[in-house]
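The values are calculated or read from the model by the stated rules, or taken from the named source; none is laboratory data. Note that the coordinates shown come from a computational prediction; the quantities given were computed from them, not determined experimentally. Please note: Cβ atoms are built from the backbone with ideal geometry, for glycine as well, and neighbour counts cover all protein chains shown. The protein model used for the area step is the full one, side chains on, heavy atoms only, and it has no ligands, DNA or RNA in it. Shrake-Rupley method; radii C 1.70, N 1.55, O 1.52, S 1.80 Å.
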Amino acid sequence: MFILKKKIALSAILLVIIAGICYAVYGHAIDGYDFTGTAWSLVPPAVAIILALITKEVYSSLFLGLVSGALLYSHFNTIDTLESVFVHGILSGLDGSSNLGILTFLVTLGILVSLLSRSGATKAYGRWAGKHIHSRRVAMLSTFALGVVLSVDDYFNTLTAGNVMRPITDSNKISRAKLAYIIDATAAPMCMIMPISSWAAAVSANVENVNGVEMFLKAIPFNFYSILTLAMVVITSAAQFDFGPMKVHESNAKNGDIFTVPAPETSADNSDENSKGKLPDLIIPVVLLIVSCISYMLYTGGLFEGKSLIDAFADCNASLALSMGALVTVGFTVIYYYMRDLLSFKELMESVASGFKSMVPAILILIFAWSLSEITVLLGVNEFVSGVFSGSLAGLSSFLPAIVFLVSVGLAFATGTSWGTMGIILPIVVGIGLDETMTVISISACLAGAVCGDHCSPISDTNIMSSTAAGCDHLAHVETQLPYAAVVLTISAASYVLAGFVKNAAICLPISFLTLVLTLFVIKRITRDKKPVEA
């Protein structure tokens, strides 16, 4: 009966959404109303996000969001709508070396994980870790530490850390949702305060007429969301304290159910492992993967052509480098395992197929998310947000960092892309003509807001890959992470208000950290006697 009522409610919501759009179109189409560059550009991501949260199903939600955008763009012309879905949406989302490189890296890493699992290397690592990691606290902090070490690129970070640490967190009865949170909350925030990373390169590329690297370094102490998120991971892991939906997942994990919400099956979870694998059989490929990816980043950035280390990272082609590094690692691992007689040639090729298959759910979600982003940009969401943002600045100079932060959060949440948000907001901030200190604080607010919105959005590619690497249901990851992100978001927004007046990181950062600690203390006191409500 409950399911029937839920379906009826969902159908009613869909009808209201469709009726509202049709009414607007009917009222304006005669006059040639143009939806581009207006608030209507926010409808497609809104439809996708609302449906995903209601239905708990991400594929159809993203696709319906894409269709709603195509309908608006084509003014409900049937033929043009179909063309917009496939040409302007799906094909445009795949039309670029960056996205194709990410898919290649994703598939290749899936193959590597399948090889590591089937060879017994992952099992050997689990046996070793079981002798050295004896508590949930140490397992969570070890996952965080690995994420810090791998903070060259967020995609590389989440996929590698998640797949390497999954056997350890499983054996210590840590929920997959908590694993997904730790790797997601470590990856982008750590990359955003790491000068040698693909994110630092993206920031430098979007800041004109100033020294991008120097500006990035100065902005680090004011990046409240990234710093506080890292602190949140350490505090909640060390104290083993959780709240919201995460408390349900962790409670169930302690009783043996690490999933709570069934996750898509992956080759790593279901492959037939042998017992011949040893610890070096995992360490060697993982180290090679790290070294290869970093080396190719420096190579594509021009290090061997005379550029400095920082300039090489700033100019690197991250997606190409990650793909090349992963391909080299897989090629080496196949030969190495064959010579070690860990797997036969047939088993090696079966691992390739199963690794590809395990990444199909993530690939589908990414393609739909990119397609939705493309159609949203085509509707002029950039122009709309830029216009609203620029028009709200007059007489609000002291509140500018907080405004930049909140606008960046909203844009990243709606589009699912932090890099796209930085590309839109950063040039506006730099072009306002503020003094150096306010420019630095406002740039940092943009970077922090982009990461925050990305963390909260169900259509974020980083969220998608974090849930994939952790073997966690995607929407379960979004729901469990959202309360944590919301706490840090609120404190960060207040911190940017303070920073707009004080303009001193040495004062603002300790206050924001102390506020986080006190907030978590209050939440713990409030929730300590409450039993978790089943999801």
Close pairs (7 angstrom Cβ cut-off, 6 or more residues apart or separate chains): under 16 Å from Gly101 (Cα atoms) in the stretch 324-336, open to solvent by 30 Å² or more (accessible area, probe 1.4 Å) and among the hydroxyl-bearing types (Ser, Thr, Tyr) anywhere: Met324/Tyr296; Gly325/Tyr296
Residue identified as surrounded by fewer than 18 Cβ atoms within 10 Å (Cβ to Cβ) and among the hydrophobic types (A, V, I, L, M, F, W, C) among Phe345, Phe313: Phe345
Out of Ala268, Ala201, Ala231, sole residue that is of a type outside the set (D, E, K, R), within 20 Å of the chain's Cα centre (by Cα), more than 18 Å from Phe405 (Cα to Cα) and at pLDDT below 70: Ala201
Pick from the stretch 385-405, criterion modelled with pLDDT of 80 or more and surrounded by fewer than 19 Cβ atoms within 10 Å (Cβ to Cβ), ranking: nearest to the chain's Cα centre (by Cα): Phe399
When residues of the stretch 305-314 are limited to those that are part of a helix (DSSP H, G or I) and modelled with pLDDT under 85, the one nearest to Thr160 (Cα to Cα): Phe313
Candidate set: the stretch 60-76, residues that are open to solvent by 70 Å² or more (accessible area, probe 1.4 Å) and more than 15 Å from Leu379 (Cα to Cα); chosen: the one nearest to the chain's Cα centre (by Cα): Phe63
Filter result for Pro458 (more than 22 Å from Leu217 (Cβ to Cβ) and within 15 Å of the chain's Cα centre (by Cα)): yes
Ser151 of a type outside the set (Phe, Trp, Tyr) and open to solvent by less than 10 Å² (accessible area, probe 1.4 Å): yes
Those residues of the stretch 437-491 which are in a helix (DSSP H, G or I), over 23 Å from Ile174 (Cα atoms) and touching a Pro at 6+ places or on another chain (Cβ under 8 Å), in sequence order: Met438, Ile441, Ser442, Ser444, Ala445, Val451
Ile375 vs. criteria of a type in the set (Val, Ile, Thr), modelled with pLDDT of 80 or more and closer than 30 Å to Lys503 by Cα: no
Qualifying positions in the stretch 348-371 - closer than 17 Å to Lys276 by Cα and either crowded, with 21+ Cβ neighbours inside 10 Å or free of Cβ contacts under 8 Å to residues at least 40 places away in the same chain (or both): Ser351
Conditions (1) over 20 Å from the mean Cα position of the chain (by Cα); (2) over 18 Å from His88 (Cβ atoms); (3) at pLDDT 80 or above; number of the one not met by Tyr33: (3)
Options Leu112, Leu141, Leu100: the member that is surrounded by fewer than 22 Cβ atoms within 10 Å (Cβ to Cβ), hydrophobic (A, V, I, L, M, F, W, C), part of a helix (DSSP H, G or I) and modelled with pLDDT of 85 or more: Leu141
Some residue of the stretch 477-486 being open to solvent by 10 Å² or more (accessible area, probe 1.4 Å) and in contact with a Lys or Arg (Cβ under 9 Å, 6 or more places away or on another chain): yes
Members of the stretch 99-125 that are small (Gly, Ala, Ser) and closer than 16 Å to Ala470 by Cβ: Gly110, Ser117
Matching residues in the stretch 43-64 - criterion: being small (Gly, Ala, Ser) and modelled with pLDDT of 85 or more: none
Breaking point among (1) open to solvent by 10 Å² or more (accessible area, probe 1.4 Å); (2) assigned to a helix (DSSP H, G or I), for Leu434: (2)
Selected residue (criterion: modelled with the lowest pLDDT) from residues of the stretch 415-431 that are surrounded by 24 or more Cβ atoms within 10 Å (Cβ to Cβ) and small (Gly, Ala, Ser): Gly416
